[in-house]
Amino acid sequence: MSRRNDAATRPGASSGGSPASPTPPRPTTRTLHTERGRDGQVTSRTRRTVLPSGLRIVTEEMAGARSASIGIWVGAGSRDESPTLHGCSHFLEHLLFKGTHERSALDISVAMDAVGGELNAFTAKEYTVFHARVLEEDLPLAVDVLGDMVTGSLLLPEDVEAEREVILDEIAMHEDDPDDVVHDLFAATAWGDSPLGRRIAGTTESIARLSREQILRFSRRHYRPERIVVAAAGALDHAAVVRQVRRAFGRHGFLDAPAEPAPVETTSRTRRTHSGAAAADRSLEQVNLVLGVGGLTRSDDRRFALGVLNAALGGGTSSRLFQEVRERRGLAYSVYSFAHHYRDAGLFGVSVGCLPAKLDDVLATVRAELARVAADGLRDEEVAWGQGQLRGGLVLGLEDPGARMSRLGKGELVHTRMLPLDEVVARIEAVTPDDVRRLAGTLLSRPEILAVVGPGVTG
């Protein structure tokens, strides 16, 4: 096991007459923003440190918190996979829990269970996250466990084979959930056989083909310091977290290699989104459908107007779709709208679950409401409701250290600039009915994408 010497060489120091060694690069730290309460007291402070290896550490110290959440955000997800590696990101996520040079899989579980902590992970299309929540005094343990998993997992052949069966079971479970199936079908219709169009977990065929060597190569290529953000929020001290991260991630020389240039994100060209309809015949009691259009990229400034539109159109029990589809017509139990944003693409849609006999009426009603909003926008009071719901949900959600941690990690990893909470709220409040009307007229006039899953449905 190699260790990194963090002590900087003094300028001008020499040994045995040799020329002075250059001063090694040092971490850079800055305060991103500070929040204050109405009494002027600091309620939170966000800091960012970049290590010489390129690994980034972002923390938010929350006054009055008793717990802390930490996440290791890796800039690699299912969209980084070739067709032969389909499902590799998710497979690797599972394997990192199977044991390291220092801990067995049981040791990892016991370490967190013994302090009442929570440890989990998830894979998305553009990143993978390993996260934990613990009491304040147990944060060093959580950092150490997560750092050990990310830098020292063994990926033993027998673990690969055992976890392959677990993932195949997970895929089968996923296939039994019609809501998952219809959303996967919606993405596949929009983007075809591309990384964004494929399901994150892979298929039974792709998982059966993946080898340990392929997974190892994927790990070495993508799990590099410059592609990793460590985000933490709650009861913590930034300098202490930086020290803990350097110790935990310094294992096995992980931080010793010089930083490679961070991947350059290009957003000038938007990925093409296809229209069309797709259906999957399943023996179910209910039909699940998603009706939508191509959306906005995550860097599009109109996303704040879309957030208001989404909230007012299908974001709660007072929303237009809920009132029209469920309350007035009784056509469905579940109806909501959603927006997904990616680096170069996006989707906006409406998801509904209904009885098969009501499918035609549901589609007609949803299409009519979308057409009305495209033509006329939203009423002033609907825009105000949407702003209130979006603003309140954001602020209330951020009372939780886990939500704050997620905002930090995602903001640092995938956005060019992490907006302070006050600025996000200000942008939401600045949205006008005309902004929503213009966006709705553009967005909801795009070619339709439809996915339907249920008994007797056909494409």
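Read-outs: derived from the displayed coordinates by stated rules, not from any lab. It should be emphasised that the depicted structure is a prediction, and the values quoted were computed from it without experimental measurement. Positions of Cβ are backbone-derived with ideal geometry, glycine not excepted, and every protein chain shown enters the neighbour counts.
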Taking region 401-459 as the region of interest, what is the percent of Cα-Cα pairs per 5 angstrom bin, listed from the shortest bin to the one with the maximum distance?
4, 13, 12, 12, 12, 15, 16, 9, 7, 2
Tilt of helix 359-376 relative to the longest C-alpha principal axis of the chain, in degrees (0 to 90, nearest 10)?
80 degrees
Looking at the chain, identify the longest residue range that excludes and avoids all trypsin sites (Lys or Arg not before Pro) in DSSP loops having at most 14 other Cβ atoms within 10 Å.
67-268
Relative to the first principal axis of the alpha-carbon coordinates of the chain, what is the inclination of helix 433-443, with its axis defined by its Cα atoms, in degrees from 0 to 90 and to the nearest 10?
90 degrees
Rounded to a whole number of µm²/s, how large is the Stokes-Einstein D of region 28-253 at 4 °C and 1.567 mPa s, given Rh as the Kirkwood radius over C-alpha pairs?
69 µm²/s
With every atom except the alpha carbons ignored, what do you get for Rg and Dmax of the chain, in angstroms?
24.2, 89
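Taking the highest mean first, how do the peptides 284-295, 176-187 order by number of other beta carbon atoms within 10 angstrom per residue?
284-295, 176-187
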antiparallel share of DSSP beta bridges within region 276-454, to nearest 5, in %, is 80 percent
Please quote Rg/Rh for region 194-237 to two decimal places, taking the Kirkwood radius as Rh and restricting both calculations to Cα atoms.
1.16
Any idea how far the Cα center of region 389-409 sits from the one of region 111-182, in Å?
22 Å
Going toward the positive end of the dipole of the chain, with +1 on Lys and Arg Cβ and -1 on Asp and Glu Cβ, which of Thr29, Leu236, Gly411 do you reach last?
Thr29
Residues in region 59-103 reached by a label modelled at Ala172 [backbone nitrogen below 20 Å; 7 Å Cα→Cβ]
87, 91, 94-95
Angle in degrees between helix 178-191 and the longest Cα principal axis of the chain, rounded to the nearest 10:
90 degrees
Let's see if you can work this out: charge +1 on each Lys and Arg Cβ, -1 on each Asp and Glu Cβ, no other charges. What is the dipole magnitude of the chain about its Cα centre, in debye to the nearest 20?
1760 debye
Percentage of Cα-Cα pair distances in region 276-454 greater than 21 Å, rounded to whole percent?
51 percent
Okay, helix-only estimate at 222 nm for the chain: each DSSP H run of n ≥ 4 adds -39500 (n - 2.57), divide by all residues, round to 500 deg cm²/dmol; what do you get?
-12000 deg cm²/dmol
One finds the C-alpha centres of region 342-363 and region 419-459 to be spaced, in Å, by 13 Å
Note the full-extension length gain between Leu394 and Thr317 as 0.36 nm times their separation in residues minus their Cα-Cα distance, in nm to one decimal.
26.0 nm
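How much FRET efficiency would the formula 1/(1 + (r/R0)^6) give for Glu102 and Thr442, where r is the Cβ-Cβ distance and R0 is 51 Å, rounded to 0.05?
Details: r = 54 Å, r/R0 = 1.07.
Rounded to the nearest 0.05, the efficiency is 0.40.
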Distance in nm between label sites at Arg372 and Arg271, each 7 Å beyond Cα in the beta-carbon direction?
3.4 nm
GluC sites (Glu not before Pro) within region 330-402: DSSP coil, no more than 12 neighbouring Cβ in 10 Å:
Glu399
Among Tyr223, Leu135, Pro83, whose Cα lies farthest out toward the positive end of the dipole of region 28-253, if unit charges sit on the beta carbon of Lys, Arg (+1) and Asp, Glu (-1)?
Tyr223
